[in-house]
Each structure stands twice: as structure tokens, then as C-alpha cells.
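Below is one structure; the comments refer to it alone.
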Amino acid sequence: MSLSRYDIVVVGGGAGGFTAAQTAKTVYKDKSVLLITKEAKAVIPCAIPYVAFTIDSCDKALLSYDALRRIGVDVVVDEVVDVDREGKRVVTASGKSFGYGKLILAVGGAPSAPPIEGLGLRNVCMVYKGYEKVVELQKALREAKRIVIIGGGFIGVELADDLSELRKDVTIVEILPHCMLLNFDEEFAVMAEEELRKKGVRIVTGRTVKRILGKEAAEGVELDNGEKIPADLVIVVTGYRPYTELAKKIGLRTSGYGIVVDDYMRTSDPDIFAVGDCAEKRHFLLGTATPALLASIACQEARIAVLNLYGARVSRRIEGWIGVFTTKIGNLVLGASGVTERFAKQRNLEYVAGKAKAINRHPAWLPGGCEINVKLIFLKNGTLIGAQVAGYCNEAAELANALALAVQNKMRIDEIIAMQFGTHPKLTASPISNPVILAALDAYTKL
């Protein structure tokens, strides 16, 4: 049997792999592109926390492989189990082989959990991204009445928010003083917690789960202070780890943070690239390896990798992971990028922070207005390194994304103060009271 050869082979059908295949066929129309995925169906990862209430069927939250086929990408449902680097071919579990010119690994990651006694009991779930696992999770969430969520990061609070619509008895247990404290400062985290409490969610912070109670199935959890919380379902969402087993098997360089890549997403083999959860990340400010397993980062890395497969037409490289986050808890919208003030303090950075808030209409009494809170963190040299936004309107998320671009491009405080914003009475805050400008001015007075 002749070996099927492709110019570009992408392994993994999640957000990173999908984006890599799509971008490759868009940029290199004359190149043959193959996507190999072990999942016949792939759930949109950011939709998973909403499968209890908001999304009634997992089949309504899928990445469309047919969309790739329509633009000329071949899609094979199989699992890559080996790579012959010398012969430049991948080998699948079914025994098939596919040759490649360039190979992109987007094999993702897996949930990780602290060593808690009772993790193996029935009705203890971790949040996997595979279709069948998500369907199982959806069933468990809908059937349970009392749910304990271990971990108060984005997935934990979004799960709790969605479950509250079903009037479930939900408790979040978070080891840090507040939920989402790795991504937001205390004043923003407290706003989110208040929204959850309004919806009946109990939040226990500053505590760890000592063990999960029960003989065969989970019956609750015991905290480190001895408190016992009854539950018929325990969800563990304490983080993810990169999948590096295949990379190790074929001799690529790896670290505890993933497959080692350069600024252009190349691995130790110049014809193999790695993107997404499986690839090592570097912090944009400190330059150190750091965990950052996000679909948005996977998509960014996929685009950068594809642009650099054959030498970039426009020079572009990854200068480090910034981290851009948006979420919605109840009606509260939050967004963040870069570092928090808490992070800056812990690292003894020389920084200043500025805050401001304004109604996104002028005059403020016009319909549809909401107060938007903005916080900006600058180094003492004036470089923007962090931004946080919150408000009871979707505009807060878009403003957070715009500020992420400012962080990514290392904008200076004077450049932000001098920015011109398009304004309209029915759409934005007054040009006199733009919260971004006011927050930058507040920080400027502290330099």
C-alpha cells in the first residue's frame, strides 16, 4: 500500500489543532493539509461549564470538522501513537501511516488533581474535553442535587453559575482567599463572589479538601478544618497538565510545562511544531516557563506556528504568554489581561496601579447604560503590564480585549492617555470621562 503524504499534518482536533488546519489551508492554498483527531466529535472547550443548564445538548456545542473539509482539509478520525521523525511519517492506532512535510502537534492536556483521598469513588468527576466524557459530565450534573466543586478558578465558578439556574445545592471550595484570584485582584474577585452568593452558591475560601467521603460513591467532602459538606457529586477542577507522552516517546525536548518550543512554536525538531495545551508557555514579563492552558492561547499559537512553517511572510513570534480572560457570572462581565497587582506585589515589581469607573453612556441616564470599572497596572517606567475590567454589560468584555492588545504591544502610560476613542452618547462613556483614560491618569499621578 502506498503511503499517503501531505505537506502539513496536524495531530489533535481541539481548538489549537482545528485553528492550525484552518489557518494552514487559508494561508497555503496549494498545500495539502491533513488533520488527525481521535475524537469524531469535539466539544467547544469554553462551552463545557454550561452543559448542565445553558446547553441542552452537547451536539449543539461542537467544532465543525465539516467546515474544514469544505475548505479542502482532509480529516481522519484515529489516534497517532508514534512518529517516525527520520522517515517523516505518523503512525496511528489502526496501523495507518501518513507522511508529512511539516507536523503540528496539538495533542492537548488532561485534568490534574491534588492527592485527595477518595478521588476514585463513583460520582467524583474531573472535567475532560472529550465528547463522551462531556456527555457523562452533563448527565451527572443534571442528576445530582448536592454538588461540591473543588477549585474556584474559571471552570469552577462558571459551573456553579450555570448549576445555580437549576436550583442545585452548590458549594465551591477554593484554597486561595478568593475565587479567580490568579487572574483578578481582590476587588474584582469579590464582585464575582457576590454574584454567585446572590444565586445561592456557597463559597468556602482559604480551605483545602482533606478527603472525599463515602465507601463506594461520593457522599461529601471533609475540609482541612474538619468541616464536612454533604454531596452526591464532587467535581474536581484544580487545573490541567500538558500531554507530553507522545513527544517524549519520539525524542522531542520536554519540560514539566510541556513540549519545549522556541519563539516560533518550533520544537527541537525543526519540522515539528507544537501548539496549545501540550506546548510549554513562557511568561511575557518574567520570561519563565509557566502553566497556561487556554483555548485562546492555543488558537494564537496555532496561527503563529502556521505563519512560520515555511518562513514567515511577515515576521511574527510569540513573545510570551500574556493571558487574556473574560467571563460572565450572573449578569456581571469580567475581563483581564497581563498581571494583577497581587502578582506584582508578590514578585516585588516596581509598579503603579490606577483605577476609574464611568457609565458607558453620556449623559449617564440614557437607556442601556452600566458602570464599567477599569484597573490598569504599569511598571514604574510607564509600560502597561496588566488590565482588569468589570461591569454589568457585554461591553466590558470587549474593552478587556482591547486593553489586552495594549498590554501585548507594551503600550506606555503616556500613549494611553493620548489615545483617541470613538464616542457616541448611546454607545460609550463621554470622551471627558473615559474610564481607561481616567485609570491611566490615576496611575500617572503615582509615577
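Each reported figure results from applying straightforward, stated rules to the coordinates on display, with no laboratory input. Remember, it's a predicted structure, so these values are computed and weren't measured experimentally. Reconstructed Cβ throughout: ideal geometry from the backbone, glycine too, with neighbour counts over all protein chains shown.
Residues whose amide H lies under 5 Å from that of Gly220, counting only those 5 or more places away or on a different chain, are Leu213, Ala231; hydrogens are built 1.01 Å from N in the peptide plane.
At q = 0.17 Å⁻¹, what log₁₀ I(q)/I(0) does the range 1-150 have when each alpha carbon counts as one equal point scatterer in the Debye sum? Each listed q maps to, in turn, -0.97. Within the listed set Thr244, Thr19, Thr205, the Gaussian network model of the chain (springs between alpha-carbon atoms below 10 Å) gives the highest mean-square fluctuation for Thr205. Largest first and in whole Å, the equivalent-ellipsoid semi-axes of the range 272-401 read 31, 20, 13, each the square root of five times a Cα gyration tensor eigenvalue.
DSSP beta bridges fully contained in the chain are about 60 percent antiparallel. Taken over the Cα atoms of the range 351-395, the convex hull encloses 69 Å³ per residue. Annotation for the range 370-447: trypsin sites (Lys or Arg not before Pro) lying in DSSP loop with at most 11 further Cβ atoms inside 10 Å of their Cβ are Lys380, Lys426, Lys446. For the chain, a simple Cβ point-charge model (Lys and Arg +1, Asp and Glu -1, everything else neutral) yields a dipole of about 520 debye relative to the Cα centre.
In this calculation the C-beta distance from Phe53 to Glu371 is compared with R0 = 25 Å, giving a FRET efficiency of 0.35.
I'd like the distance between the alpha-carbon centres of the range 370-395 and the range 199-214, rounded to an integer number of Å. That distance is 31 Å.
Listed as lacking a disulfide-compatible partner in the chain: Cys46, Cys58, Cys125, Cys179, Cys278, Cys299, by the criterion of no other cysteine Cβ under 4.7 Å.
A full extension of the chain between His424 and Val27 corresponds to an added length of 139.2 nm, given 0.36 nm per residue minus the alpha carbon distance. On a C-alpha basis, how far is the centre of the range 281-313 from the centre of the range 6-28 in Å? Whole number, if you could? When both Cα centres are located, 15 Å separates them. A quarter of the convex hull surface defined by the alpha-carbon atoms of the chain gives 23.4 nm² as the mean projection. Couplings 3J(HN,Hα) of the range 271-288, computed from phi: 9, 10, 10, 9, 9, x, 4, 6, 8, 5, 10, 10, 5, 5, 9, 8, x, 9 Hz, in residue order, whole Hz [Karplus 6.51 cos²θ - 1.76 cosθ + 1.60, θ = phi - 60°; x for Gly and Pro]. For Asp82, the residues whose amide H sits under 5 Å from its own are Val91, ignoring neighbours fewer than 5 places away on the same chain, with H placed 1.01 Å from N.
Summed over qualifying helices (DSSP H, 4 residues or more, each -39500 (n - 2.57)) and divided by its residue number, the chain shows a 222 nm mean residue ellipticity of -7000 deg cm²/dmol.
Cα-based radius of gyration for the range 334-444, normalised by 2.2 N^0.38 Å, reads 1.03. Derived scalar couplings between HN and Hα for the range 354-369 equal x, 10, 6, 8, 7, 7, 7, 8, 8, x, 5, 7, 4, x, x, x Hz in order, rounded to whole Hz, by the Karplus curve 6.51 cos²θ - 1.76 cosθ + 1.60 (θ = phi - 60°), x for Gly and Pro.
Estimated translational diffusion coefficient (Stokes-Einstein, Kirkwood radius over Cα pairs, 4 °C, 1.567 mPa s) of the range 113-238: 90 µm² per second. Contact order for the chain, expressed relative to its length and based on alpha carbon pairs under 8 Å spaced 6+ residues apart, stands at 13 percent. Each peptide in 355-362, 299-306 gets a packing score, the mean of other Cβ atoms within 10 Å over its residues, and the list from highest to lowest is 299-306, 355-362. One decimal place: the segment Glu227-Ser112 gains 39.0 nm when fully extended, by the rule 0.36 nm per residue minus the C-alpha distance. For the range 126-143, 3J(HN,Hα) computed residue by residue from phi via the Karplus equation (6.51, -1.76, 1.60; θ = phi - 60°) reads 10, 8, 8, 9, x, 4, 4, 5, 5, 4, 4, 4, 4, 4, 5, 5, 6, 7 Hz, glycine and proline entered as x. With N as its number of residues, the range 32-113 has a Cα radius of gyration that, divided by 2.2 N^0.38 Å, comes to 1.31.
When each of the peptides 336-344, 128-136 is scored by how many other beta carbons lie within 10 Å of its residues on average, the order from highest to lowest is 336-344, 128-136.
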